[in-house]
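Enquirer: The structure follows.
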Amino acid sequence: MTYVDDFPGEARVVRTAFAVAFASIGLGGALGVLQALFRTGYSRSLFSAVDYYSVLTAHGVLMALVFTTFFIVGLFAWGVTRSLDTGFRDLRFTWGWLALMTLGTLLAFVSILGGIVGFIPTHAAVLYTFYAPLEASPTFYLGLALLVVGSWGAGVDYVLTLRDWRADNPDERIPLQTFMAVSTMLLWFVCTLGVAVEVVVFLLPWSLGLIPRVDPLLTRTLFWYFGHAVVYFWLLPAYFVWYTIFPKLSGGRLFSDPLARVVFVLFLVLSTPVGVHHQYGDPGLSQGLKFVQMTSTYFILLPSLLTAFTVVASMEHGARQRGGEGRFGWLRALPWENPSFSGIALAGLAFAASGFGGMVNAGLNVNALVHNTMWVPGHFHLTVGTAVALTFMAITYWLLPQLTGKRLRLRTLAAVQPYLWFVGMVFMSNAMHRIGLAGVPRRTSEPQYEQVIFNTPIASIGELHLQTVGGAFLLFASLLCFLAVVGSTWLGERGAKPLAVNGHIPSALSGPEHSPRVLDDFRVWVALTVLLLLIAYGPPLAAMVQNGLFAPGSAPIPA
Amino acid sequence: MSDRRYSRRRFLRDASAVAATLGASTGLSAAASDPYGGWFTGDARGAATENYDGTTVDKTGQDAVTVQVGAQGNGGSYAYAPPAVKISPGTEVTFEWVSNTHDIQVESAPSGASWEGVDTIENEGYTHSHTFETAGVYKYYCTPHLSLGMKGAIVVGGSGGGGGGSTSPEWGEWFTDSARGGAVGNYDGSTVDKTGQDAVTVQVGADGNGGSYAYAPPAVKISPGTEVTFEWVSNTHDIQVESKPTGSSWSGVSSIENEGYTHSHTFETSGTYTYYCTPHLSMGMKGGIFVTGTSAAGGGGGGGGVLPDLNWWNVAWIAGPSVVAIPSILAYLLWDYHRAGAFDGLLGRGEAGPPPETPEAPPATPERELGHDEYDPWGTATLLAVYFVIISVAWALMYFVEFLGNGPHIFG
């Protein structure tokens, strides 16, 4: 008996969500290679320097918004129903939100495609960070709004399932996977509010011509209210895997369940009031506000450092149970040939490295060194592009057989894939960081200027460009391996062979009974979140509204 | 990709048309002496544009207009030809490169306009087309040859959709033989645009109409307040006013005059003036002057709809994918459920039974069981200590060397 036998309807939902996610990572990855070739100057004949921005937008939206969101709602649908051992209330509702998300994705993607393809009368070269003054066709904003509203449906589905379960089990602690899924979705509700207001109240009416202009500072601020919390919406599902499945893959048990709950509560509370650290370069926001949000940004290092300890300790527990010895020798006892394990371990390593880059980004003064340079894409290709994406790919090797009832195929290819990704990303991301330190800007199709020479202390920009392109090709090769494994497994025969995995998840060394019950009371944490948000975002947003909602510098409209 | 802004642009165009109509009807004319605000002079960016002689070529009402890039002028092949052109909204302007190394940098455009020019330096044979929808003045220049005066402008006038008519002349049949006298042979259908100029000259008795029997130019468009000087260049002509707007004091020249005679009048009242030469009326010696009602910059339209019209293409674009996508998703789901036997109970079938159960791998048993109290994560502590050392060193390097040193410094 595996998951697909217990919950065939839910398994179908998860499979469908994963299918959209994998299609978009395949397409987005191919566009990523084209982009690397263009930017580094290796090939500029496929499209123009102007179309580069449409390609860039498609890459960003497909990877960072579509792939992540679809994988996450699928992963959580599995986690919630598995850990509560109950199906969703009504699968018609579940299919409804998934259909809405898919429709929104199609609309947004076709809108971006219109920038490159002549016969589609839309354009959306507004990049993944789609704030004013860049303007897209209304269909792009409508599509994104549908994608977000659909994902809210997913959150509602999880919360309702939890409520039903609590009515039946009033005295039990919430299972850890459901706790994590629900706290992540609560964070998602809170942070998407900003982007929903930005899109529905400002950008969509503006692109339709209903309002003549918008306040760029206000829409940027609303975007970044969402724009940093969204990275935790991507990261927390990876943590969900690291905390609840990775210890078992290492051969051990989770070190501490209470610590895991504390970490997720800290993320719920602290993720959103930090967005201004993306706006250190913005005029119109006070230094005081930037300083306050820098402080809260450094606070959010805490739950990630707690995670580093708990997850590595759980991994070490597995190594010791497998017979590992010594201060470092236990590392050799781990199942490095298992792609699910190695992918997550390498993802964690990449995240440790990118944590340092994040500390640089967050520093109000040091940020000036790297602000809007190539360093920043280098940073988020390590975080969302590796810590999150590689974790998702790795856990697919473990989860997909349970969702389909089909044993994993092409296992050698699967075993190589995470290493290929990691090596490719080490080359590409390291080169991007260093290009950024030399001062080369991001979001630029042809980063070359008369009278400007970018200096690098070691190697040259040319060598770094070569590393970027080489890394991009390794990444794309790795992506093709992943898609081949997934595709051939999916096409296999159900139940033909026993699975090589099982869905059993051992209990934690220190269980939830060692933590206070208030941790499970989401009302407290949501209230605290809202309070912090009012402090962090209330005064600046009020000032911007006072300054004129649709016409900055004028009296408030409507008066 | 720059041409795909539909409803917003249309909204703005209509809004400006409304504003222009209102402005005209309330008599708030703001006649500027130069519709381009000195753009073609040396006071603006770059040198004065020598191939701009003060006239704006009127191409209103045409669907397609061509502007040459790199034509002769400004001391070499450094001119846009024509430098200033007036078109109707919706006109497609094609820029044709006729020499090398030019671009089109947009200096200014009306708000809401989407034209971005041509950012890259292009050579002979290159073309760029754009359909201008938003009314107003567009100014542009060539980056490499700005200092030589290679500048241009496009005026997009109102939509001219009936009703207003205050910015376009209404000659009716005056220049044909249906009106009094013969057809005007030297009238080629175009009205010479002299708006924005303080003084304009019309020759009386110029060559045309089978002899020296023409006014040149026969039809001219000026801004209110322009002084028009009529210069006799041959003998025995007069100026009889056929029609003029109410309130105008112009009475023409009723006596027959000869070469060397001049007559000046400052035209203040907006509207259409027609006049003819009594001795040579039958030859077609007729003329017309049109005085615009609003600012010569042509910032507005002369009518058109007041309400923004619904762009059905836009609506179809939003609705179309939904109409296709939703039924496809539904059809797929129904088919998939059907294949999985979900409807078998409803349809009275369903003896096939569920798919085979999938056996899982047995749970792994650890080599040795380590409980909570037997395990101390010393290896983890060691790894994290190493990590903290690494990031501390990296931070010191980043802060003191890269940031405070502010240069390419790693060990350099």
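The values are calculated or read from the model by the stated rules, or taken from the named source; none is laboratory data. Please read all numbers here as calculations on a predicted model, not as lab measurements. Here the Cβ is made from the backbone with ideal geometry for all residues, glycine too, and neighbour counts use every protein chain on show.
Enquirer: Only one of these is buried (at least 17 other Cβ atoms within 10 Å of the Cβ) and either out of contact with any helix residue (DSSP H, G or I) (no Cβ under 8 Å at 6 or more places or on another chain) or not basic (Lys, Arg) (or both): B:270, B:234. Name it.
Expert: Within the list B:270, B:234, the selection yields B:270.
Enquirer: Please tell me if residue B:65 is without any contact (Cβ under 8 Å) to a residue 60 or more places away in the chain, in a strand (DSSP E or B) and touching a Lys or Arg at 6+ places or on another chain (Cβ under 6 Å).
Expert: For residue B:65, the condition - without any contact (Cβ under 8 Å) to a residue 60 or more places away in the chain, in a strand (DSSP E or B) and touching a Lys or Arg at 6+ places or on another chain (Cβ under 6 Å) - is met.
Enquirer: How many of the residues in the stretch B:364-398 are loosely packed, with under 12 Cβ neighbours inside 10 Å, modelled with pLDDT under 90 and over 15 Å from residue A:322 (Cα atoms)?
Expert: Qualifying residue count for the region: 2.
Enquirer: Is it the case, given these coordinates, that residue B:201 is farther than 16 Å from residue B:278 by Cβ, of a type outside the set (Lys, Arg) and free of Cβ contacts under 8 Å to residues at least 60 places away in the same chain?
Expert: Yes, satisfied.
Enquirer: Exactly one condition in (1) out of contact with any helix residue (DSSP H, G or I) (no Cβ under 6 Å at 6 or more places or on another chain); (2) within 7 Å of chain A (Cβ to nearest Cβ) is false for residue B:388; which is it?
Expert: (2)
Enquirer: Are there any pairs with C-beta distances below 6 angstrom linking a residue in the stretch B:391-403 that is facing chain A (nearest Cβ under 7 Å) and touching a residue at least 12 places away in the same chain (Cβ under 8 Å) to a residue that is basic (Lys, Arg) and not in a helix (DSSP H, G or I), with the two at least 6 apart or on different chains, and if so which?
Expert: Note: no pairs meet the criteria.
Enquirer: Which one is farthest from the other protein chains (Cβ to nearest Cβ), of the residues in the stretch B:102-121 that are assigned to a strand (DSSP E or B) and modelled with pLDDT of 90 or more?
Expert: Per the stated criteria, the residue is B:102.
Enquirer: If I go through the stretch A:358-378 residue by residue, how many of them are closer than 25 Å to residue A:70 by Cα and either within 11 Å of another protein chain (Cβ to nearest Cβ) or touching a His at 6+ places or on another chain (Cβ under 7 Å) (or both)?
Expert: So the answer is 1.
Enquirer: Turning to a different aspect of this structure: Got a number for residues in the stretch A:129-175 being more than 16 Å from residue A:227 (Cβ to Cβ), within 14 Å of another protein chain (Cβ to nearest Cβ), in contact with a Ser or Thr (Cβ under 6 Å, 6 or more places away or on another chain) and surrounded by fewer than 23 Cβ atoms within 10 Å (Cβ to Cβ)?
Expert: Going through the stretch A:129-175 one residue at a time, the tally reaches 1.
Enquirer: Determine whether the stretch A:457-475 contains at least one residue that is buried (at least 17 other Cβ atoms within 10 Å of the Cβ), in contact (Cβ under 8 Å) with a residue 40 or more places away in the chain and assigned to a loop (DSSP other than H, G, I, E, B).
Expert: Checking the stretch A:457-475: not a single residue is buried (at least 17 other Cβ atoms within 10 Å of the Cβ), in contact (Cβ under 8 Å) with a residue 40 or more places away in the chain and assigned to a loop (DSSP other than H, G, I, E, B).
Enquirer: Taking the stretch A:304-357 as the search range and keeping residues that are among the acidic types (Asp, Glu) and under 18 Å from residue A:245 (Cβ atoms), which one is farthest from the other protein chains (Cβ to nearest Cβ)?
Expert: By that ranking, first place goes to A:337.
Enquirer: Now for a separate question. Yes or no: residue B:60 of a type in the set (Ser, Thr, Tyr), surrounded by fewer than 19 Cβ atoms within 10 Å (Cβ to Cβ) and modelled with pLDDT under 90?
Expert: Criteria not met by residue B:60.
Enquirer: Of A:72, A:120, which residue is among the β-branched types (Val, Ile, Thr) and over 30 Å from residue A:403 (Cβ atoms)?
Expert: Among A:72, A:120, only A:120 is among the β-branched types (Val, Ile, Thr) and over 30 Å from residue A:403 (Cβ atoms).
Enquirer: So residue B:336 passes all but one of these: (1) modelled with pLDDT of 70 or more; (2) more than 7 Å from every other protein chain (Cβ to nearest Cβ); (3) crowded, with 16+ Cβ neighbours inside 10 Å. Which condition number does it fail?
Expert: It fails just one condition, (3).
Enquirer: Let me ask something additional. Is it the case that some residue within the stretch A:107-128 is facing chain B (nearest Cβ under 10 Å), part of a helix (DSSP H, G or I) and surrounded by 23 or more Cβ atoms within 10 Å (Cβ to Cβ)?
Expert: Scanning the stretch A:107-128 turns up at least one residue that is facing chain B (nearest Cβ under 10 Å), part of a helix (DSSP H, G or I) and surrounded by 23 or more Cβ atoms within 10 Å (Cβ to Cβ).
Enquirer: Could I ask something else about it? For the condition among the hydrophobic types (A, V, I, L, M, F, W, C) and either under 21 Å from residue A:382 (Cα atoms) or in contact with a Pro (Cβ under 8 Å, 6 or more places away or on another chain) (or both), what is the one hit in A:440, A:452?
Expert: That would be A:440, the only listed residue that is among the hydrophobic types (A, V, I, L, M, F, W, C) and either under 21 Å from residue A:382 (Cα atoms) or in contact with a Pro (Cβ under 8 Å, 6 or more places away or on another chain) (or both).
Enquirer: Run residue A:88 past the list (1) more than 10 Å from chain B (Cβ to nearest Cβ); (2) in a helix (DSSP H, G or I); (3) crowded, with 19+ Cβ neighbours inside 10 Å and report the number of the one that doesn't hold.
Expert: Evaluating residue A:88 over (1) more than 10 Å from chain B (Cβ to nearest Cβ); (2) in a helix (DSSP H, G or I); (3) crowded, with 19+ Cβ neighbours inside 10 Å leaves (2) as the failure.
Enquirer: Give me the pairs, please: first residue somewhere in the stretch A:4-28 and away from chain B (no Cβ under 11 Å), second residue anywhere and surrounded by fewer than 18 Cβ atoms within 10 Å (Cβ to Cβ) and among the polar types (S, T, N, Q), beta-carbon distance under 8 Å, and either six or more positions apart or on two chains.
Expert: none
Enquirer: While we're here: Can you pull out every residue in the stretch A:541-559 that is of a type outside the set (Gly, Ala, Ser), surrounded by 13 or more Cβ atoms within 10 Å (Cβ to Cβ) and at pLDDT below 90?
Expert: Those that are of a type outside the set (Gly, Ala, Ser), surrounded by 13 or more Cβ atoms within 10 Å (Cβ to Cβ) and at pLDDT below 90: A:544, A:545, A:547, A:549, A:550, A:552.
Enquirer: Moving on to the next point. For the stretch B:131-148, what are the residues that are over 8 Å from the mean Cα position of the chain (by Cα) and assigned to a strand (DSSP E or B)?
Expert: B:139, B:140, B:141, listed by residue number.
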